[in-house]
Amino acid sequence: MNPTIQTHDLTMRFGQTEVLHEIGLAVPEGAIYALVGPNGAGKTTMIKLLMNILRPTAGGAEVLGVDTQRLAGEVFNRIGYVSENQEMPDAMTVEALLDFMRPFYPRWDRELERQLVRQFDLPLKRKLKHLSRGMRMKAAFASSLAYRPSLIVLDEPFTGLDPLVRDELIESLLERAPETTIFLSSHDLAEIESFASHVGYLEEGRMLFSEEMTVLSERFREVTVTLAAPVKLPRDLPSAWLVPETVDCVVRFVHSEYRGEASEHEVADLFPGARDVELESMPLRSIFLAMAKTGRTQNHAAQTTACDGRPEA
Amino acid sequence: MNQILNIFRKDTRRFWPEIVLSLVITAAFALIYPVQWLPGTGERVRELQYLASVFTGLVPVSWWLLIGRVVHAETLVGDRQFWITRPYEWKKLLGAKVLFLLVWLYLPFIAAQSVLLAEAGFHPLSYVPGLLFGLLLATGILVLPLFAIAAVTANFARMTLTLLGVLIALLGAAFAANMVNRYTAFIPSSDRISLPVMLCLFGAVVLIQYASRRVWQARVLLIAGPVLIAAVLFAASRSQDSLVNRYYPLPASASAAPFQLQLAPDSRRQVTDIRISDNVKFINVPLLVAGVPDGYAIQIDNLRATFTGQDGFSWTSPWQSSYGQRFLPDTEQTELQIRIDPAAYERLLKTTPVSLHLRLALTRIKAGVTTSVVFPRGNVELPGFGICATRPNFAFWGTTDENMDCRSALHLPQLTYLVTVWQDGPCTTIQPTPEHTAVAYGWTGNLDPDPAEFGISSVWTPNVTFSNRRVHNGMADLSSTRWRFCPGVPFRATQYHLVNRTQASMTLTNIVLPANVVPTS
């Protein structure tokens, strides 16, 4: 089965600044793919490249089997795109927007449109410019879901929305999920963790990982090693051990390549005097934070403290 | 087509206030403009004429508003517009914008132009090709440039600022060209090149933007195109010799000169000089004209003069326009006005008399249809020329005299030689005696073969200036006779057509340059 979205060494530079670096990505059909990363990681640029709003400096991408640089016209019949900073036709009422959009889409479902209007409680006679941020986003969702797109692309769709609106929008998305692929960016991990099937982590323009949520959850473990006596952290810790730290006689780190017993033996080998080793699965937020911290402390020595809490000399 | 109509309907609903405003301006222009043809004899008429001028100016302003608003409804600049991720097809989007302009700009404009033609006495259906050509001119000169600027700007405010910048740049370029190029030859084909160039340039900008939204490419083209054209024109103006040779080919043999000029100073007609400023000086050379064949006329468009002094000092002018001086077979005398460098003039004065070698860029024209009428009271239609009438002309000192007033459809009339009779009494005099009449003649119109010229109004009012308007009654009598053009006089209009453009050379010797410099101010 061909992936719905696929990129090959997708690179984007603005002048001398490289915003995306050789991104390789595959989003399978039917996935709910969450592209996460801190602010400025390149998520919005990535989505704009996928939607042919920007043109890549190097590399390429296909969306629904179409080269993104040829993405125009009819192929958007199958794509729904909503962005937090999209400029909507503010002078139109919600009703005029829906009336205007309807003839563009042969697969526009009038009944679904009515259902979305009811579900979102959209005021049809109000102009978009007079709507709250949440209502505007709902109107954008309604006009992007009513034609049952094969792919829904959302750029930070829930930013700045109150939890109620956010839940309504997520609910509407999940209702579409069986028939569509969803690709969304977010820096709010809690909101996507509950429904994303795949996740990609982007930092400073580099894709650090891109995989299924279940695989990711299996791969990351928070490891706590309790020692008999304080030790200095070895300099040559495995690169898969992220943000290692010691507090008193406890060593903590995030294992990013957890492979069951093999990984437990690896820990036991490095800390032979360990009294206890705990390995816990991690929520996405913790994985995200560990990855972010690793990125920021790259090239810096891991912080170590003595068992009494004083900084090690 | 559905998408085109859908976008068109949306734009029409959204921009109805702009549409209404534009329609009101166009309608007001069409209704008020005919007062421009009335003699300005009253305060009320002059106020209406001023209002008509205002509305004439407001028509292109309303276009700027309509074009800017409708293009920016789906702005092509930026990466946040909602429409760029919708199934718009660029050809249909462009088609919708063109349809909008066809319905709300071109249609009202052509209706207004048809109303004006009808008001002026012309049947609009007889001028359909001309009206359409006029729309093409309006497209190349106004609509497409505005469309292109709107296509490369993000919103109406930026478009307006850009437009102001363009206007300032044009004024600056015109000023600079005037400063750099004081001598300018008349080049007959320049207009025929500029329209296709403008259509292609601005059309390319619009197409690039709609097809690919490559904003910087389009902006570079929009800026570089005119700059490149200006550079080419500037370079061409620096090599006017080759330009004149191209448009006025040298004759095959030296004996083919279509007419002759001879120096003709006598006690009353001497070479005179006119000093305009420290840098600008003209001399007038009196000449005898001969050899213009019957049925033809010669028009001098440009001249290039080489003065050679007794000591061998020589100065050659660049090509300069001589403003279409025309000679008929019965023309016997003329004066050539030649612009001369003041420093060269001072140098030549030391060795006067001098010889003058003239290179003339000529247009040969041939007489065509002649219409002879006894000029009636009221309108008379002169075929191929327009509709004319006598009219009382306003004079500031409170009196009126009779003049001739003409209107032509879509462009100035074909170049026409007019001959009629003045009379020095009031037009109420019946059958004035010969001593109270004089022959009046004049040229009007041009040789432009196009079916229309660019103008907001479709009706042109050619300036008819007859000779001998005022004749001084002699040294003893300081008053002058002011002649009148009255109904009932014989009137003849002869159209002239282009035969060819060529050059002629002739040398005049023994020219005495006047030493006294007379400032004209």
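Using heavy-atom solvent-accessible surface (probe 1.4 Å) with all chains present, what is the largest-first order of A:Lys127, A:Lys293, A:Lys138?
Of A:Lys127, A:Lys293, A:Lys138, the descending order of accessible area is A:Lys293, A:Lys127, A:Lys138.
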key: Area buried, chain B against chain A - accessible surface, total, 1.4 angstrom probe, square angstrom   = 2100
remark   = With the label point 7 Å along the Cα-to-beta-carbon line of A:Arg259 and a cut-off under 16 Å to each amide N, the hits in the stretch A:220-253 are A:220-221, A:238-241
remark   = The answer for A:Ile152, listing residues at least 5 apart or on another chain whose modeled amide H is closer than 5 Å to its amide H, is A:Gly80, A:Thr181, A:Ile182, A:Phe183
key: Distance between the stretch B:287-354 and the stretch B:1-78 - C-alpha centres, whole angstrom   = 49
request  = Give the accessible area for B:Val77 in Å² (nearest 10); use a 1.4 Å probe, count only protein heavy atoms, and leave out ligands, DNA and RNA.
outcome  = 30
ask   = Working out 0.36 nm times the residue gap between B:Val45 and B:Asp450, then minus their Cα-Cα distance, what length gain in nm do you get to one decimal?
value = 142.5 nm
task = Work out the FRET efficiency for B:Leu250 and B:Val373 from their Cβ-Cβ distance, taking R0 = 35 Å, and round it to the nearest 0.05.
result = 0.25
task = Would you work out if the protein assembly as shown is rounded, prolate or oblate? Take a ≥ b ≥ c from the square roots of the eigenvalues of the alpha-carbon gyration tensor; rounded if a/c is under 1.5, else prolate when a/b is larger than b/c, oblate otherwise.
result = prolate
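Do the sum for chain B: with -39,500 (n - 2.57) for every DSSP H run of n ≥ 4, divided by all residues, what is the mean residue ellipticity at 222 nm, to the nearest 500 deg cm²/dmol? Please report the intermediate quantities before stating the final value.
Values: 12 runs with 193 residues, N = 521.
The per-residue figure over chain B is -12500 deg cm²/dmol.
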key: Residues of type lysines that A:Lys125 reaches as a straight line, Cα spacing below 25 Å, ignoring anything fewer than 8 places off in the same chain   = A:Lys138, B:Lys10
ask   = What cysteines in chain B have no other cysteine with a beta carbon less than 4.7 Å from their beta carbon?
value = B:Cys200
query = Mind checking which lysines have their C-alpha under 19 Å from A:Lys293, skipping anything on the same chain fewer than 8 residues away?
reply = A:Lys43
Cβ-based net charge around B:Ala504, under 12 Å, with every Lys or Arg adding one and every Asp or Glu removing one = +3
key: Length released on extending from B:Leu132 to B:Leu199, taking residue separation times 0.36 nm less the Cα-Cα span   = 22.6 nm
task = Describe numerically, in nm with one decimal, the distance between label points set 7 Å from Cα along Cα→Cβ at B:Thr316 and at B:Gln260.
result = 2.6
task = Express in Å², to the nearest 10, the accessible area of B:Ser212 obtained by rolling a 1.4 Å probe over the protein heavy atoms while all chains stay in place.
result = 30
request  = Quick one: what are the phi-derived ³J(HN,Hα) couplings along the stretch B:451-461, Karplus 6.51/-1.76/1.60 with θ = phi - 60°, whole Hz, x for glycine and proline?
outcome  = x, 7, 10, 6, x, 5, 8, 8, 10, 10, 10
query = Taking a 1.4 Å probe, which of B:Arg13, B:Arg326 shows the most accessible area, and what order do the others take after it?
reply = B:Arg13, B:Arg326
key: Under the Karplus curve 6.51 cos²θ - 1.76 cosθ + 1.60, θ = phi - 60°, whole-Hz ³J(HN,Hα) for the stretch A:166-179, x wherever Gly or Pro sits   = 4, 5, 4, 5, 4, 4, 5, 5, 5, 5, 7, 3, x, 10
Contour excess over end-to-end distance, with Cα ends at B:Arg391 and B:Glu89 and 0.36 nm allotted per residue = 102.9 nm
ask   = Each label point is 7 Å from the Cα along the Cα-to-Cβ direction; what then is the distance between the points at B:Glu435 and B:Arg238, in nm?
value = 6.5
note = Long-range amide H partners of B:Asn403, meaning residues 5 or more apart or on another chain whose placed amide H is closer than 5 Å, are B:Arg391, B:Asn393, B:Phe485
note = Rounded to the nearest 0.05, FRET efficiency between B:Phe156 and A:Glu74 (Cβ-Cβ, R0 41 Å) equals 0.85
task = Using a 1.4 angstrom probe, figure out how much accessible area chain B has per residue, in square angstrom, rounded to the nearest whole.
result = 48
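Considering only protein heavy atoms and a probe of 1.4 Å, how much of the accessible area of the protein assembly as shown is carbon and sulfur, as a whole percent?
That share works out to 56 percent.
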message = Using a probe radius of 1.4 Å on heavy atoms only, what accessible surface per residue do you get for chain A? Whole Å² is fine.
response = 46
inquiry  = Could you tell me how far the Cα centroid of the stretch A:180-211 sits from the Cα centroid of the stretch A:231-289, in Å?
reply    = 25
ask   = How high is the FRET efficiency from B:Glu346 to A:Thr17, r the C-beta distance, R0 56 Å, rounded to 0.05?
value = 0.30
query = When only the heavy atoms of the protein chains count and the probe is 1.4 Å, how do B:Asp330, A:Asp9, B:Asp450 rank by accessible area, highest first?
reply = B:Asp330, A:Asp9, B:Asp450
ask   = If you average the sequence gap of Cα pairs under 8 Å that are 6 or more apart and divide by the length of the stretch B:267-356, what percent do you get for the contact order?
value = 35
inquiry  = Per DSSP helix of 4 or more residues, -39500 (n - 2.57); summed, then divided by the residues of chain A. What does that give at 222 nm, rounded to the nearest 500?
reply    = -8500 deg cm²/dmol
Amide H within-cut-off set for A:Leu208, under 5 Å, with H built and near neighbours excluded = A:Tyr201, A:Leu202, A:Glu203
query = Which aspartates and glutamates have a Cα less than 18 Å from the Cα of B:Lys97, not counting those fewer than 8 places away in the same chain?
reply = B:Asp11, B:Glu18, B:Glu74, B:Glu89
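The values are calculated or read from the model by the stated rules, or taken from the named source; none is laboratory data. The structure presented is a predicted model; accordingly, all values stated were derived computationally and were not measured. Because the Cβ atoms are built from the backbone with ideal geometry, glycine has one as well, and the counts that use them run over all protein chains shown. Quick note on the areas: whole protein, heavy atoms, side chains included, nothing else; ligands and nucleic acids left out. Shrake-Rupley method; radii C 1.70, N 1.55, O 1.52, S 1.80 Å.
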